Amino acid sequence: MFKSLPAYTGSQSLTVKHLAIEKQDRWLFKDVNFELQPKEVLHLEGENGAGKTTLLRAICGLTLADKGDIFWNDISIQRQAYDYHLQLSYLGHSDGIKQDLTVLENLRVSMVLSRSIYKVSDKAILHDILDSIGLKNKENTLAFNLSAGQRRRLAFARCLLNDSALWVLDEPLTALDIKGVAFIEQAIQAHIERGGLAVITSHQPLKIKNVRCTRLNLSAVA
Amino acid sequence: MIMRFIYKLGSPPYFYHLSSRLLPWLSGICLLLFAIGLYGGLVLAPADYQQGDSFRIIYIHVPAAWLSLFVYMVMAASGVMALIWRIKIAEIVLINSAHIGAVFTFLALVTGSIWGKPMWGTWWVWDARLTSELLLLFLYLGIIALHSAIDDKRKAARAVAILAIVGVVNIPIIHYSVEWWSTLHQGPTVTKFDKPSIDTRMLVPLLVMAVAYKFLYAIVVLLRARNDLLWRERRSQWVASLFTDTKSK
Amino acid sequence: MLQAFFIILQRDLILAIRHRAELMNPVLFFVLVVVLFPLGVGADIAILERIAPGIIWIAALLSALLSLDRIFRTDMEDGSLEQMLISAQPMSLLILAKIIAHWLITGLPVVVVGPLLALFLGLPAAAIETLLITLLVGTPILSAIGSVGVALTVGLRRGGVILSLLVLPLYVPVLIFASQAVDAAAAGFPVLAPVAMLSALLLLSLSLTPWAASAALKMSVS
């Protein structure tokens, strides 16, 4: 379904300047700089504990930076929290899925929270989305009863709900089987081709074609 | 110009060196004030016609109680600065003021209790002031406990700043409710902790002691803050240069 | 925006109903604490009747304290809290929805059961109505103020003990005004003043605590 969507409107860019974050009186990283334009992917690398997740969370605005700043379209994200979050989809370590809600209920909550371009009452769209993530007949299954991979795919569905140009994905391929991995790769591919941006950490290699991919190794920066 | 000064004060090395220069002066003034206040209160002021000499404990008790509230206000103000501008010095002053404020609150409670024994024969009385002070102690202890429970001290400072601000909003509410509560059961008898018209010879030493206490607070908070700052910034250049500079002298 | 408020409210209520067994715990605890008083203080009905308002209200405080953890803990653990924080919806509105849901789940049962228990403590009929009013107005305040305490401690390992230390002093005004109102009613005095104060506290807490809790959650999550 995501293949037929139009390109993202407007210009987007993500700029990070001299970002430094301190944890327990020790600097996690001291001077991170990068700029991301449309149709670009930033692949974050680094050893465990290098601060990849912290950097992703800082980009989302969940963690405050001690030095430096993050700009979306040349405006600091602190000054435009609402507009920025409208353009952001985040898939973190935890799924952000309520175990005790059904697949459909979880999807509805995500739609409302992310100010989805789709209506909550639009059954056709809901079926469409569920179909594309491979959970077609699982609408009324409690998330608790899904496999880890199925939950991860449901969590990923968030990215497909609103017209967010920036995807921040923390290990999106965790727990996924071959089909799941292929689906995520296709989704990211389509997103990038539409003019989107993505910041991704992944231990497994991601196969995305014809995309300008920057690598940033955090262990090297520290 | 004041804003510039406050801005400079946020820089750890500037704060450290400025406080080094100020401390001797502050200590001198503080000692002087205590000497004047204590002499005025313990020697010069006449004995109270009702309570005799035991009223003199107000020179310890009342300034301590006043200071316990004053320190909370300073703490809340530091909290606002720590939250909005994330100034490290504000964070350090915040948590150290909590410790000092708790001690003064405890002092006020203990001296209040000691004062009560010759008055009513009991070690505690549930009057408005003492009960409010007791609740204030719990507010302080909550701040200290929350701060020590969070490992990341910058995060802990944010948490405690929020708590201090919430506390500041609640203090008038708690105070008023406790006062209303105590008037319901104790009737119109005025407690001796209230200040009826007080002789100037008793009042002046009290005010002197109040100022002396404030200087004491300033000294202790600076000492603690400097220590804290050195530890927090132990990996930085300016701290290292403190040691190399003294060595070269 | 309002849609987000209602969907979060609805979500929390559904989650509570799906764990129906746990719904009874706060109420049972409430009853148990009230029952402990005659056992500890003696069954002299004259004494019990005199202290009944205090007993009911202290039990209500403790029961609220016990149930507070549920407001944010599971959301934090499964990552839905983060999603709410980076959604383009005002966090304080979502928190208000959660506070109201919490009250409906844990406070409303106490409002219903409290007056019944008061009868067993010998509270005169004239005071029962006032007790009902104070419980109705006062228990939401407990949820609201409690939410700030939980927001501050939800990230801690042993946050429960500190939570009590933080929240109980803030509960004192509610306890004082509520129990004194019922006392006054039992003695035939007018109750307007304390009940008015309680209502004022309710309005104040509902408008201010979501902001404080929002700031605290941002801290806890970072």
Point to revise | Counted residues, the stretch A:111-130 - those being under 12 Å from C:Ile86 (Cβ atoms) and part of a helix (DSSP H, G or I) | key: 1
Point to revise | Among residues of the stretch A:111-130, those that are open to solvent by less than 40 Å² (accessible area, probe 1.4 Å) and facing chain C (nearest Cβ under 7 Å), counted | key: 3
Revision key, fill the gap. Of those in the stretch C:205-219 that are open to solvent by 10 Å² or more (accessible area, probe 1.4 Å) and within 8 Å of chain B (Cβ to nearest Cβ), the residue nearest to A:Ala65 (Cα to Cα) is C:Ala215
Revision key, fill the gap. How many residues of the stretch A:195-215 are open to solvent by 20 Å² or more (accessible area, probe 1.4 Å) and closer than 19 Å to A:Arg57 by Cβ? The answer is 1
Check your understanding: Before we move on, is C:Ala125 more than 21 Å from the chain's Cα centre (by Cα) and aliphatic (A, V, I, L, M)?
Key -> yes
Revision key, fill the gap. Just one listed residue, out of C:Leu132, C:Leu93, is in a helix (DSSP H, G or I), within 14 Å of chain A (Cβ to nearest Cβ) and either under 13 Å from the mean Cα position of the chain (by Cα) or aliphatic (A, V, I, L, M) (or both), and it is C:Leu93
Exercise for review: Select, from A:Arg108, A:Arg158, the only residue that is buried (at least 21 other Cβ atoms within 10 Å of the Cβ) and either of a type in the set (Ser, Thr, Tyr) or under 27 Å from C:Leu85 (Cβ atoms) (or both).
Suggested key: A:Arg158
Revision key, fill the gap. Checked the stretch B:135-188 for anything among the polar types (S, T, N, Q) and either more than 20 Å from C:Thr153 (Cα to Cα) or in contact with a strand residue (DSSP E or B) (Cβ under 9 Å, 6 or more places away or on another chain) (or both); matches are B:Ser177, B:Ser182, B:Thr183, B:Gln186
Practice item. Can you work out which of the residues in the stretch C:147-194 that are more than 7 Å from every other protein chain (Cβ to nearest Cβ) and not in a helix (DSSP H, G or I) is farthest from B:Ile143 (Cα to Cα)? Key: C:Gly188
Check your understanding: Can you tell me which residues in the stretch A:74-96 are of a type outside the set (A, V, I, L, M, F, W, C) and either in contact with a helix residue (DSSP H, G or I) (Cβ under 8 Å, 6 or more places away or on another chain) or facing chain C (nearest Cβ under 7 Å) (or both)?
Key -> A:Tyr82, A:His85, A:Ser89, A:Tyr90, A:Gly92, A:His93, A:Ser94, A:Asp95, A:Gly96
Check your understanding: Given (1) within 28 Å of B:Ile173 (Cβ to Cβ); (2) in contact with a helix residue (DSSP H, G or I) (Cβ under 6 Å, 6 or more places away or on another chain), where does C:Leu81 come up short, assuming only one miss?
Key -> (1)
Review point. Taking B:Ser132, is it farther than 15 Å from B:Leu83 by Cα, in contact with an Asp or Glu (Cβ under 8 Å, 6 or more places away or on another chain), more than 7 Å from every other protein chain (Cβ to nearest Cβ) and not hydrophobic (A, V, I, L, M, F, W, C)?
Key: yes
**Study point:** Residue list for the stretch A:131-150, filter: surrounded by fewer than 18 Cβ atoms within 10 Å (Cβ to Cβ), under 20 Å from the mean Cα position of the chain (by Cα) and part of a loop (DSSP other than H, G, I, E, B)
**Key:** A:Gly134
Check your understanding: Pairs, please: C-beta under 6 Å, at least 6 apart or cross-chain, first residue at the interface with another protein chain (Cβ under 7 Å from one of its Cβ atoms) and in the stretch B:142-159, second open to solvent by 40 Å² or more (accessible area, probe 1.4 Å) and not in a helix (DSSP H, G or I)?
Key -> B:Asp152/A:Gln24
Check your understanding: How many residues does the stretch A:163-194 contain that are farther than 21 Å from A:Leu62 by Cβ and open to solvent by 10 Å² or more (accessible area, probe 1.4 Å)?
Key -> 15
Exercise for review: Run down B:Ile29, B:Ile36, B:Ile92 and say which single residue is closer than 19 Å to B:Phe15 by Cβ, touching a helix residue (DSSP H, G or I) at 6+ places or on another chain (Cβ under 9 Å) and in a helix (DSSP H, G or I).
Suggested key: B:Ile92
Review point. Just wondering, is there one or more residues in the stretch B:111-131 that are open to solvent by 10 Å² or more (accessible area, probe 1.4 Å), assigned to a helix (DSSP H, G or I), at pLDDT 95 or above and not hydrophobic (A, V, I, L, M, F, W, C)?
Key: no
Practice item. Output the number of residues of the stretch C:47-81 satisfying the condition of being among the hydrophobic types (A, V, I, L, M, F, W, C) and without any contact (Cβ under 8 Å) to a residue 12 or more places away in the chain. Key: 1
Check your understanding: What pairs come up if the first residue lies in the stretch B:1-25 and is open to solvent by less than 30 Å² (accessible area, probe 1.4 Å), the second is not in a helix (DSSP H, G or I), and their beta carbons are under 8 Å apart, counting only those six or more places apart or on different chains?
Key -> B:Gly10/B:Ile87; B:Pro12/B:Glu233; B:Pro12/B:Ser236
Review point. If you take the residues in the stretch A:37-67 that are of a type in the set (D, E, K, R) and assigned to a loop (DSSP other than H, G, I, E, B), which one is nearest to A:Gln12 (Cα to Cα)?
Key: A:Lys39
Point to revise | Hits in the stretch C:62-81 - residues which are surrounded by fewer than 23 Cβ atoms within 10 Å (Cβ to Cβ) and facing chain A (nearest Cβ under 7 Å) | key: C:Asp78, C:Gly79
Practice item. With the condition kept exactly as written, say whether any residue in the stretch A:14-23 is open to solvent by 60 Å² or more (accessible area, probe 1.4 Å) and either touching a His at 6+ places or on another chain (Cβ under 7 Å) or closer than 30 Å to A:Asp128 by Cβ (or both). Key: no
Check your understanding: Within the stretch B:205-249, which residues are of a type outside the set (Gly, Ala, Ser), in contact (Cβ under 8 Å) with a residue 40 or more places away in the chain and out of contact with any Leu (no Cβ under 9 Å at 6 or more places or on another chain)?
Key -> B:Leu206, B:Val220, B:Val221, B:Arg224, B:Asp228, B:Leu229, B:Arg232, B:Glu233, B:Trp238
Practice item. Tell me which of these C:Glu49 doesn't satisfy, since it passes every other one: (1) open to solvent by 20 Å² or more (accessible area, probe 1.4 Å); (2) within 13 Å of another protein chain (Cβ to nearest Cβ). Key: (2)
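To keep it simple, each residue is scored yes or no on (1) part of a loop (DSSP other than H, G, I, E, B); (2) within 14 Å of chain C (Cβ to nearest Cβ).
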{"site": "A:Glu35", "(1), (2)": "no, no"}
{"site": "A:Asp69", "(1), (2)": "no, no"}
{"site": "A:Lys98", "(1), (2)": "yes, yes"}
{"site": "A:Asn106", "(1), (2)": "no, yes"}
Practice item. Would you check which residues across the stretch B:231-249 are of a type outside the set (Val, Ile, Thr) and open to solvent by less than 40 Å² (accessible area, probe 1.4 Å) and list them? Key: B:Arg232, B:Glu233, B:Ser236, B:Trp238, B:Leu242
Point to revise | the stretch C:82-119, residues that are open to solvent by 40 Å² or more (accessible area, probe 1.4 Å) and without any contact (Cβ under 8 Å) to a residue 40 or more places away in the chain | key: C:Leu108, C:Val112, C:Leu116, C:Leu119
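The values are calculated or read from the model by the stated rules, or taken from the named source; none is laboratory data. Just so it is clear, the model here is predicted, and its values are computed rather than measured. We place every Cβ from the backbone using ideal geometry, glycine too, and count neighbours over all the protein chains shown. These accessible areas exclude ligands, DNA and RNA; they are computed on the full protein's heavy atoms, side chains included. Shrake-Rupley method; radii C 1.70, N 1.55, O 1.52, S 1.80 Å.
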